[in-house]
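J.: Mind having a look at this structure? Questions to follow.
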Amino acid sequence: MMTEVIKNIPAVALRGMTILPAMIVHFDISRKKSIKAVEQAMLREQKLFVVAQKSPETPDPVMEDLYRVGTIVEIKQVVKLPKNILRVLAEGIRRAELEDLSEEDGFLAADVLISSGDEVPEGPAAEALLRSLKESFEVYCRINGKMSKELIHQIMEMRDLEKAAGQIAMNLPLHYEQKQKILETDSLQERCELLLTIMAQEIDILKLRQELQEKVKERIDKNQREYFMREQMKLIREELKEDNVNEAETFLEELSKLKASDAVKEKIKKEIERYRSVGMNSGEASVIRGYIETLLEMPWDKASRDNRDIASAREVLEADHYGLEKVKERILEFLAVRILTQKGDSPILCLVGPPGTGKTSIAKSIAKALNKKYVRLSLGGVRDEAEIRGHRRTYIGAMPGRIANSLKIVGVKNPLMLLDEIDKLSSDYKGDTSSAMLEVLDSEQNSKFRDHYIEIPLDLSEVLFIATANDVQTIPRPLLDRMEVIEITSYTENEKFHIAKEHLWEKQMERNGLNKRQISITDDALRLVISGYTREAGVRSLERKLGEICRKAAREVLENKKKSVKITETNLKKYLGKVRYTIQERNEANEVGIVRGLAWTSVGGDTLQIEVNVMPGRGEISLTGQLGDVMKESARAGISYIRSVGLEYHISEDFFRKHDIHIHIPEGAVPKDGPSAGVTMATAMISAITDTPVRADVAMTGEITLRGRVLPIGGLKEKLLAAKKAGIRTVFVPAKNRPDVEEISQEIKEGLEIRFAETMEDILPGALASGLPQKKSGKKGKK
């Protein structure tokens, strides 16, 4: 074998490409060295040495980055493309081994070794190799179906083994690394054997692919391309025994880590096996997958560790909220029982009170004090039972109910769950939502709560439920019976002052970017904001007013460059405008037919004057002031009582036939209703009929019966607060409300003389300025 060395031949390193001898191919180059090498080759008989890089990512290859065998090519054409790219058309001439590589004048120059020729097999061996190559190539072309008939015929007619091997190697769609192996093979016989091996492998791959395609075609319609592709993927997974395997294995791995009972795990495992057997493109697959994901995300036996330190829990509750003593006591009692028994049922509390009294925010503080996860469900306006119990999985778009979904979100089975506005639940043709809540809030049943979507019983016994409501009257009785009701009454002005000073003011300063050096407010100004600019049971409007002050102060600090702003009682008008509310003070003088009553409203207590006029007429009774039916009935009951005892108070028998009575309650635009003004209207009528003045510093509340008995009423704390604000000194309340009065703080009762009344006879002597009109001796009223 003769060898020849060619020195300093221009060289180009190819990326991801190997050129074989006799191959005509074009390639693009952009490296400056490669462009320079092509230009030099065009000046030197158009000969160029090309060799493949071992790694296409190498930007500036040296000799170690190149394969040792390349090809000398003859450049046929060079075309310049945009962005400094050259497209070169070249024909492979012969193999050459790279001996040395250097850089000259900005291009690569190589010293290469050329062998004069390979040892060519002769006789039967050559014929056997030639026939094997042709037969393998013919089989390959028949299965592949992409080779031209002219090419196949041309190769079949070849008698030269070397040319046939070269043509086959050039026309097979091989990776550049496989072509490089063919190029590096010295012996023609070894090259042919390598080609036979490669073709055998390609034939096996094509046969397997053809078998898969045939199986797919048996199942699908030829025109459904997308369906065909999915089925092809499915068949591949079936052949590899991997149908839905990846996701199913992931689910099983998550199941092994899940904290749950054996029954729950067994149910989830069955669903995973079912998912494994369902086809990927089946509509049921996505439903089962969503169901399994939901089950795996549920906190079956995962619980957070509760705080067991009563002292720290008390500190948190006291720091976050002023007042609300009943709620705090109940939570600390629950914590004490939990510590002693190591378990203890979680209470189901219902906080009832006017808006803005801290019902929702105290729930967050309780969660913080007990170290529980907190989740809130707003039930206002919810009217579909499925919102609570979930949808059955047979429906499209089914999902768990709000209870189960909340547990999934917090990730533990013992959170604090706030059921906000439970009195606003409604119902329609889709079911009664409040009835669905019965099982949730029943401590005897909720350990096996069944959500329609999840189907596996959920344990809600460790959930601390706290519901909030503004009015228990709209809560169905069975639902109310399952909850422990704690009333949160209106705040006193003193309580509002402490809440504003200790919590709201600092919160609004922080929210508006101010600090204590930039803004301050005096106690008198704060009290004026409470009494003159807000009228509510809670503190929401108060917080908004404080926010308004802070915003205007922030503007002053920026625009007027003030270092500090002080809010006083004098300059408060500048920030909030004129005083909006004034307290309706008691009358200065005692008057006939005018009595001060006490009323409960959604924003706290209030006082109202009841006026009665008596005039000649035909015995008609007029009721004005937008009174409700219950209030009108109370007025008629009071009149009937007065008529029955009229003789005792020197009222003539024909008085009610010859006189009209007009009862009026001012502020006619405001609707009024309820039985608690009964004794007030009766007292005003007796005063007007007997022309006896009523003490101006007296107020009263209570329901009246036909026999003059005084029945208990509600909202007593708010009513006493209103009386105190109005300057009332004496308040008559029903005797049966004595326990309610005892529970009211001394701060509210201070300065009030509270008298208890069982009948009207207990009220009239103290309410009428000149005492009870003298009764007639020897005669009794009709009872």
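The values are calculated or read from the model by the stated rules, or taken from the named source; none is laboratory data. The model shown is predicted, which means the values in this text are computed figures rather than measured ones. Here Cβ is always computed from backbone atoms with ideal geometry, including for glycine, and neighbour counts include all displayed protein chains. Note: areas computed on protein heavy atoms with side chains; ligands, DNA, RNA excluded. Shrake-Rupley method; radii C 1.70, N 1.55, O 1.52, S 1.80 Å.
J.: Which order do D423, D60, D740 take by accessible area at a 1.4 Å probe, largest first?
T.: Correct descending sequence by accessible area is D60, D740, D423.
J.: Report the far tail of the P(r) of region 337-392, meaning the percent of Cα-Cα pairs longer than 12 Å.
T.: Tail of P(r) above 12 Å: 79 percent of Cα pairs.
J.: Taking just the alpha carbons, could you work out the radius of gyration and Dmax for region 263-380, both in angstroms?
T.: In Å, with Rg to one decimal and Dmax whole: 21.0, 62.
J.: With the other protein chains left in place, how much accessible area per residue, in square angstrom, belongs to region 91-223 at a 1.4 angstrom probe?
T.: 58
J.: Hey, can you find the accessible area per residue of region 35-81 for me, probe 1.4 Å, expressed in square angstrom?
T.: Solvent-accessible surface per residue comes out at 54 Å².
J.: For region 548-622, report the accessible area per residue in Å² (1.4 Å probe, heavy atoms, rounded to an integer).
T.: Ligands and nucleic acids excluded, the result is 64 Å² per residue.
J.: If packing is taken as the mean number of other Cβ atoms within 10 Å per residue, what is the order of 158-170, 741-753, highest first?
T.: Top to bottom by mean Cβ count within 10 Å: 158-170, 741-753.
J.: Could you rank the peptides 39-49, 725-735 by their average count of other C-beta atoms within 10 Å per residue, with the highest value first?
T.: So the order, starting with the most tightly packed, is 725-735, 39-49.
J.: Please give me the summed charge of the neighbours of T607: other residues whose Cβ is under 14 Å from its Cβ, Lys and Arg +1, Asp and Glu -1.
T.: +2
J.: Could you compute the net charge surrounding R618? Neighbours are other residues with a C-beta less than 13 Å from the C-beta of R618; K and R count +1, D and E count -1.
T.: -1
J.: Here's something else I'd like to know. Show me 539-547, 137-145 ranked by packing, highest mean number of other Cβ atoms within 10 Å first.
T.: 539-547, 137-145
J.: List the residues, sorted by chain then number, that are 5 or more residues from T759 or on another chain and whose placed amide H is less than 5 Å from its amide H.
T.: Hits under the 5 Å cutoff: V710.
J.: Okay, moving on. In region 671-721, what is the volume of the convex hull around the alpha carbon atoms, normalised per residue and reported in Å³?
T.: Roughly 107 Å³ of hull volume per residue.
J.: Quick one: Karplus J couplings for region 76-82, per residue in order, coefficients 6.51, -1.76, 1.60, θ = phi - 60°, nearest Hz, x for Gly and Pro?
T.: 9, 7, 10, 10, 8, 10, x
J.: A further question on this structure: Given the -39500 (n - 2.57) contribution per DSSP H run of 4+ residues, what per-residue ellipticity at 222 nm results for the chain, rounded to the nearest 500 deg cm²/dmol?
T.: -12500 deg cm²/dmol
J.: Quick one: grab the alpha carbon gyration tensor of region 134-188, order the square roots of its eigenvalues as a ≥ b ≥ c, and give me rounded if a/c is under 1.5, else prolate or oblate depending on whether a/b is larger than b/c.
T.: Judged from the Cα gyration tensor, region 134-188 comes out oblate (a/c at least 1.5, b/c at or above a/b).
J.: Quote the accessible area belonging to T18 in square angstrom, nearest 10, computed with a 1.4 Å probe and with ligands, DNA and RNA left uncounted.
T.: 10
J.: Straight-line reach from K563: which lysines fall under 27 Å, measuring Cα to Cα and dropping same-chain residues less than 8 apart?
T.: Partners within reach: K501, K507, K516, K545, K552, K573, K574, K578.
J.: Keeping all protein chains in position, work out how much accessible area V710 exposes to a 1.4 Å probe, and write it in Å² to the nearest 10.
T.: 10
J.: Moving to a separate point now. Computing the accessible area with a 1.4 Å probe over protein heavy atoms, can you report the carbon and sulfur percentage for region 345-388?
T.: Roughly 41 percent, rounded to a whole number.
J.: With a 1.4 Å probe and every protein chain kept in, tell me what percent of the accessible surface of region 548-630 is carbon plus sulfur.
T.: 47
J.: Can you pull the percent of region 424-505's accessible area that's carbon plus sulfur, 1.4 Å probe, other chains left in place?
T.: C and S atoms contribute 45 percent here.
J.: At what distance in angstrom do the alpha carbon centres of region 614-693 and region 703-724 lie from each other?
T.: 18
J.: For region 341-456, what does the alpha-carbon gyration tensor say about shape, rounded, prolate or oblate, given a ≥ b ≥ c as the root eigenvalues, a/c under 1.5 as rounded, and a/b over b/c as prolate?
T.: oblate
J.: Step through the residues of region 267-274 one at a time and calculate ³J(HN,Hα) from phi using the Karplus curve (6.51 cos²θ - 1.76 cosθ + 1.60, θ = phi - 60°), rounding each to whole Hz and writing x for Gly and Pro.
T.: 4, 5, 4, 4, 5, 5, 5, 5
J.: Return the aspartates and glutamates within reach of K736: Cα separation strictly under 15 angstrom, same-chain partners fewer than 8 residues apart disregarded; answer none if there are no such residues.
T.: Cα-Cα hits under 15 Å: E703, E758, D762.
J.: Let me make sure I get this right: for region 614-665, a, b and c are the square roots of the gyration tensor eigenvalues over alpha carbons, sorted descending. Under 1.5 in a/c it's rounded, otherwise prolate if a/b > b/c, else oblate. Which is it?
T.: Taking the square roots of the gyration eigenvalues as a ≥ b ≥ c, region 614-665 is oblate.
J.: What number do you get for region 441-586 when its Cα radius of gyration is normalised by 2.2 N^0.38 Å, N = residues?
T.: My calculation over the Cα atoms of region 441-586 gives 1.55.
J.: Once ligands and nucleic acids are excluded and a 1.4 Å probe is used, how much of E329 is accessible, expressed in Å² to the nearest 10?
T.: 100
J.: Quick one, which of [x] 26.8, 88; [y] 48.3, 159; [z] 29.9, 105 is the actual Rg and Dmax of the Cα atoms in Å calculated for this model?
T.: Checking each listed value against the structure points to [y].
J.: Taking the Cβ of R450 as the centre, find all other residues whose Cβ is under 14 Å away and add up their charges (Lys, Arg: +1; Asp, Glu: -1).
T.: With Lys, Arg at +1 and Asp, Glu at -1, the net is -1.
J.: Right, something else. Under a cut-off of 20 Å between alpha-carbon atoms, report the aspartates and glutamates in cross-link reach of K561, not counting same-chain residues fewer than 8 places apart.
T.: Once the sequence-local aspartates and glutamates are set aside, what remains near K561 is E510, E548.
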